[in-house]
């Protein structure tokens with residue numbers, strides 16, 4: 001186990017098999033000989049330069065909900081020796097978080113208080129507006145477990161990358177506990193709320209009025225199921241859990257996008273062997289977790305990244321150990 005030591009290069013012998021890694025630490029540089037390497041270095045989510053290059057304009061200033069150590073070094077080292085990139089490199093797990101979250105490792109407002117989470121997952125109970133006072137997505141498409149990882153990317157496309165989740169007295173008591181750790185804007189009228197958010201009062205009033213008029217009240221509101229209580233005649237629609245914002249006080253929570261991890265990675269087979277650009281496994285080289293590409297495209301179901309890490313890590317570790325012992 002080496003602490004404060006960064007791998008900088010993967011070494012191969014004359015036949016292309018893994019021969020070791022170069023590392024750098026405060027003591028200097030060193031070569032560690034080995035017969036197998038498992039790359040478990042994560043993606044490039046903490047690299048502003050690579051986020052801008054692969055995810056697009058504006059992503060270099062996005063907040064990082066995940067680890068600061070996902071710098072893309074593992075991917076760079078692998079691509080440098082001819083490994084094949086694979087998967088959705090222009091997409092990532094990116095969810096709504098408190099706009100005041102830290103720039104890096106922003107899951108918690110206070111690292112010493114693990115209850116003070118920055119997740120803002122109750123948007124289906126109200127509406128989301130951008131800095132122009134406009135709705136921009138279907139807040140009731142589905143439960144957050146199925147949509148939260150793609151919603152952050154939609155937020156990033158809005159002006160300044162900051163939006164507001166707006167609720168009234170009917171739904172404020174239903175918000176997830178994490179909201180208690182953020183101080184919202186609150187007012188008794190929509191116009192007053194708009195002024196606090198630096199949005200034109202007439203614009204936000206019109207947005208809320210149009211939304212309220214479009215709510216179809218043909219069935220009871222029931223957040224325990226997709227009850228189909230929707231809007232009609234407005235774009236974007238709201239497919240479930242639509243109810244009027246008409247009961248003061250009104251609250252607005254400032255929200256931005258929190259990037260958790262990136263989807264692009266390396267091509268691996270069922271043994272977690274990394275393949276080169278000619279579709280051949282590189283002897284002794286394996287990958288696990290976020291280094292493996294092809295698992296997620298555009299969206300992500302809650303918790304599946306943890307399962308991928310556990311399963312691919314076990315497979316890669318077992319096969320790397322067996323190959324190293326046999327060489």
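What follows draws every value from the coordinates through simple rules; no lab data is involved. Computed from a predicted model, the values in this text were never measured in an experiment. Cβ coordinates were reconstructed from backbone atoms using ideal geometry, including for glycine residues, and neighbour counts include every protein chain displayed.
Summary table below
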quantity: Difference of contour (0.36 nm per residue) and Cα-Cα distance, residue 280 to residue 192; calculated: 25.3 nm
quantity: FRET E, pair residue 69, residue 218, Förster distance 45 Å, beta-carbon r, rounded to 0.05; calculated: 0.30
quantity: Cα centroid separation - the range 145-200 against the range 39-101, whole Å; calculated: 26 Å
quantity: Residue among 156, 128, 174 with the largest mean-square fluctuation in a Gaussian network model of the chain, springs linking Cα atoms under 10 Å; calculated: 174
quantity: Radius of gyration and maximum dimension Dmax of the chain, Cα, Å; calculated: 23.4, 74
quantity: Label-point gap, in nm, between residue 145 and residue 24 - each point 7 angstrom along Cα→Cβ; calculated: 4.4 nm
quantity: Kirkwood Rh, Cα atoms: Rg over Rh of the range 93-258; calculated: 0.94
quantity: Pairs of Cα atoms farther than 16 Å apart, the range 85-189, %; calculated: 62 percent
quantity: Two-site FRET efficiency, residue 115 against residue 271, from Cβ-Cβ distance with R₀ of 45 Å, rounded to 0.05; calculated: 0.65
quantity: Viscosity 1.567 mPa s, 4 °C: Kirkwood-radius Stokes-Einstein D of the range 202-327 over Cα pairs, µm²/s; calculated: 67 µm²/s
quantity: Considering only the chain, percent of DSSP beta bridges that pair antiparallel, nearest 5; calculated: 85 percent
quantity: Top of 155, 315, 129 by mean-square fluctuation, Gaussian network on the chain, Cα under 10 Å; calculated: 315
